[in-house]
Amino acid sequence: MALENVLHIDHLTMQFGGVVAVNDLTVDVNEGEIVALIGPNGAGKTTAFNVITGVYQPTNGRVQFCGDTIIENHPRGKMARLYQGERADKYMNSLSRTPDQITKLGIARTFQNIRLFKEQTVFDNVLIATHMRSRANVFSATFRVNYREEQANREKAMQLLELVGLQEHEGDMASSLPYGKQRRLEIARALATGPKLLLLDEPAAGMNPQETDDLAEFIQEIKKKFGLTIFIIEHHMDLVMSISDRIYVLNFGSQIAAGTPEEIQNDPLVINAYLGTGDTN
């Protein structure tokens with residue numbers, strides 16, 4: 001039985017002026033997989049994530065989520081020249097959604113540079129994220145019209161803090177947490193939006209080897225518990241190789257390899273461009 005395709009990136013190009021950050025990238029992430037996107041610094045990995053989550057409108061290409069097109073830009077020229085007549089018309093259209101709209105569809109992400117509400121408590125950081133699925137508006141929340149829903153959100157937030165081991169810090173300011181715990185809080189906040197697809201942008205950045213090992217177990221745990229599909233950017237090769245089902249490799253914005261961890265480890269292009277540099281941090 002074929003797995004459902006959760007994320008399809010179709011011939012994606014992202015250009016900033018004369019700089020092509022992502023060049024004709026095509027990626028598939030299927031239901032229940034952990035798929036990694038790796039490459040040297042500046043290879044275009046985070047740019048790809050920013051397109052998927054609506055931060056950037058691509059120069060060309062499209063993004064599909066669970067079979068529906070959520071991001072698309074096919075200006076006259078590059079793609080339209082490949083087709084004739086009516087079929088060409090669909091490649092001349094554009095479609096964009098805002099980051100909050102994409103989150104509501106079921107895509108959540110963390111960031112390379114942690115973006116918590118640092119002057120809010122640990123608990124409130126997660127509680128705020130639960131409101132993404134709430135029916136309440138500002139009026140009803142202020143005057144406690146939807147009391148039951150708010151109680152359910154508070155219970156969900158506490159359960160997520162327990163899951164990531166932060167329940168004892170619920171009243172602490174997010175900024176007071178050690179770096180590794182801030183990473184876990186950011187993941188808990190992403191989970192609070194109820195995603196089907198979770199994008200993790202360098203979750204092991206700044207972690208020591210033991211913290212990285214713990215993170216690998218944690219990612220596997222939340223994948224199973226929440227039925228997640230995970231797309232991850234990461235420089236720690238031990239983490240990538242231990243948890244990934246498949247890996248795509250970027251270099252200077254272009255895909256140079258794709259395959260299983262074993263295939264990637266033995267690919268000469270990857271070894272020369274990335275793994276052979278010795279930089280795994």
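Structure above, values below:
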| item | result |
| --- | --- |
| Unique residue being in a loop (DSSP other than H, G, I, E, B) and either of a type in the set (Lys, Arg) or out of contact with any helix residue (DSSP H, G or I) (no Cβ under 6 Å at 6 or more places or on another chain) (or both) when the list is ALA205, ALA258 | ALA205 |
| Residue list for the stretch 247-277, filter: touching a Pro at 6+ places or on another chain (Cβ under 8 Å) and under 20 Å from ARG109 (Cβ atoms) | ILE247 |
| Neighbours by Cβ (under 7 Å, 6+ apart or cross-chain): first from the stretch 9-34, farther than 19 Å from SER244 by Cα; second open to solvent by 20 Å² or more (accessible area, probe 1.4 Å) and of a type in the set (Phe, Trp, Tyr) | MET14/TYR56 |
| Leading residue by the ranking (farthest from GLY253 (Cα to Cα)) among those in the stretch 51-65 that are open to solvent by 20 Å² or more (accessible area, probe 1.4 Å) and outside any loop (DSSP other than H, G, I, E, B) | GLN64 |
| Residue identified as at negative phi, open to solvent by less than 10 Å² (accessible area, probe 1.4 Å) and in a strand (DSSP E or B) among LEU250, LEU215 | LEU250 |
| Residues located in the stretch 91-116, provided they are at pLDDT 85 or above, part of a loop (DSSP other than H, G, I, E, B) and either surrounded by 15 or more Cβ atoms within 10 Å (Cβ to Cβ) or touching a His at 6+ places or on another chain (Cβ under 6 Å) (or both) | ARG97, GLY106, THR110, PHE111, LEU116 |
| Residue list for the stretch 153-181, restricted to those being in a helix (DSSP H, G or I) and open to solvent by 50 Å² or more (accessible area, probe 1.4 Å) | ARG154, GLU155, LYS156, GLN159, GLU162, GLN167, GLU168, SER175, SER176, TYR179, LYS181 |
| Lone qualifier among ASP279, ASP238 - being acidic (Asp, Glu), in a helix (DSSP H, G or I), at pLDDT below 95 and open to solvent by 10 Å² or more (accessible area, probe 1.4 Å) | ASP238 |
| Every residue from the stretch 26-46 that is open to solvent by less than 40 Å² (accessible area, probe 1.4 Å) and more than 21 Å from PRO195 (Cβ to Cβ) | ILE38, GLY39, PRO40, ALA43, GLY44 |
| Test: residue in the stretch 218-227 that is open to solvent by less than 20 Å² (accessible area, probe 1.4 Å), closer than 24 Å to VAL164 by Cβ and aliphatic (A, V, I, L, M) | yes |
| Within the stretch 128-176, tally of residues that are modelled with pLDDT of 70 or more, in contact with an Asp or Glu (Cβ under 9 Å, 6 or more places away or on another chain) and among the small types (Gly, Ala, Ser) | 3 |
| Output for the stretch 219-235, where each listed residue is within 17 Å of ALA204 (Cα to Cα), hydrophobic (A, V, I, L, M, F, W, C) and outside any helix (DSSP H, G or I) | ILE230, PHE231, ILE232, ILE233 |
| Cβ pairs under 6 Å, 6+ apart, first in the stretch 41-55 and over 14 Å from THR13 (Cβ atoms), second assigned to a loop (DSSP other than H, G, I, E, B) | LYS45/GLY39; THR46/GLN112; GLY54/ARG97; GLY54/THR98 |
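The values are calculated or read from the model by the stated rules, or taken from the named source; none is laboratory data. Bear in mind the structure is a predicted one, so any value in this text is a computation, not a measurement. We place every Cβ from the backbone using ideal geometry, glycine too, and count neighbours over all the protein chains shown. Keep in mind that these areas ignore ligands, DNA and RNA; they rest on the heavy atoms of the full protein, side chains included. Shrake-Rupley method; radii C 1.70, N 1.55, O 1.52, S 1.80 Å.
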